[in-house]
1. Output the number of residues of segment 115-149 satisfying the condition of being under 16 Å from the mean Cα position of the chain (by Cα) and either assigned to a helix (DSSP H, G or I) or modelled with pLDDT of 85 or more (or both).
2. Based on this model, can you work out whether Arg104 counts as modelled with pLDDT under 90 and in a loop (DSSP other than H, G, I, E, B)?
3. Which ones in segment 108-149 are β-branched (Val, Ile, Thr) and either under 15 Å from Leu78 (Cα atoms) or surrounded by fewer than 15 Cβ atoms within 10 Å (Cβ to Cβ) (or both)?
4. State all residues of segment 101-129 that are farther than 18 Å from Gly89 by Cα and among the basic types (Lys, Arg); if no residue qualifies, say none.
5. Suppose we keep only residues that are among the aromatic types (Phe, Trp, Tyr) and free of Cβ contacts under 8 Å to residues at least 24 places away in the same chain within segment 7-38. Which one would you say is surrounded by the most Cβ atoms within 10 Å (Cβ to Cβ)?
6. Quick one: Gln98 ticks every box in (1) exposed (fewer than 12 other Cβ atoms within 10 Å of the Cβ); (2) in a helix (DSSP H, G or I) bar one, so which box is it?
7. Quick one: is Lys73 surrounded by 14 or more Cβ atoms within 10 Å (Cβ to Cβ) and modelled with pLDDT under 85?
8. Please list, ordered by first then second residue, the pairs with beta carbon atoms under 9 Å, 6 or more apart or interchain, first in segment 93-109 and among the hydroxyl-bearing types (Ser, Thr, Tyr), second in a loop (DSSP other than H, G, I, E, B).
Amino acid sequence: MRYPQRGGLTPERQAFRERIRLEAAEQFAVGVYSAEVAKDLRVSVRSVQCWRRGWHDLGAKGLRSAGPVSVLKPSEALFAVLEQELPKGPVAHGRPDQIWTPARVKTQIGRRFHKSMTLSAITRMLHRHGFSHQVPARRAVERDEAAVAGWAKETWPQVEGPW
């Protein structure tokens, strides 16, 4: 089941759904048919059949919530450590150049924290904390910033002209 809020059920909603399943278990114990349970709890018959199978195999334990299905977001403390590592640059972490890609950040998170995240989750996390996707400007070592600024200020307006 997908949700537009980029996640699964909230803990409150998850607890509510678990209560519904446990109410169904009470009716299973009495011998109520699946169609009647579905009508009473306002769920599909197919869901009730799946619940009944779990209840039959494991009892009420088979109807308990399995917990959140999504990977938890990294804590603020974990991100604070990552935020100290990123400015050191990829070269300090064994990369050949100075470009942080989401894949490289994922590898760094895996090595440093032994956690796994998807590339889209990493991108969202970085954007949430003010990082953006940037490609470094490749500039010549001999570049003279003062000369470039002077050219842009004095020469370029003459070349551009009032067309």
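1. 10
2. Numbers: modelled with pLDDT under 90: yes; in a loop (DSSP other than H, G, I, E, B): no.
Judged against the criteria, Arg104 is not a match.
3. Start the filter on segment 108-149 by keeping residues that are β-branched (Val, Ile, Thr), which leaves 109, 118, 122-123, 135, 141, 148.
Selection gives Ile109, Thr118, Ile122, Val135, Val141, Val148.
4. Scanning segment 101-129 gives Lys115, Arg124, Arg128.
5. Taking segment 7-38 as the starting set, the residues that turn out to be among the aromatic types (Phe, Trp, Tyr) are 16, 28, 33.
Checking the rest, the ones that are also free of Cβ contacts under 8 Å to residues at least 24 places away in the same chain come to 16, 33.
Values: Phe16: 11, Tyr33: 13.
Looking at residues that are among the aromatic types (Phe, Trp, Tyr) and free of Cβ contacts under 8 Å to residues at least 24 places away in the same chain, I get Tyr33.
6. Of the numbered conditions (1) exposed (fewer than 12 other Cβ atoms within 10 Å of the Cβ); (2) in a helix (DSSP H, G or I), the odd one out for Gln98 is (2).
7. Values: surrounded by 14 or more Cβ atoms within 10 Å (Cβ to Cβ): yes; modelled with pLDDT under 85: yes.
In short, yes.
8. Filtered contacts from segment 93-109: Thr101/Pro90; Thr101/His133.
The values are calculated or read from the model by the stated rules, or taken from the named source; none is laboratory data. In this text the structure is predicted, and so the values were computed from the model without any measurement. Quick reminder, even Gly has a Cβ in these numbers, built from the backbone with ideal geometry, and neighbours come from all protein chains shown.
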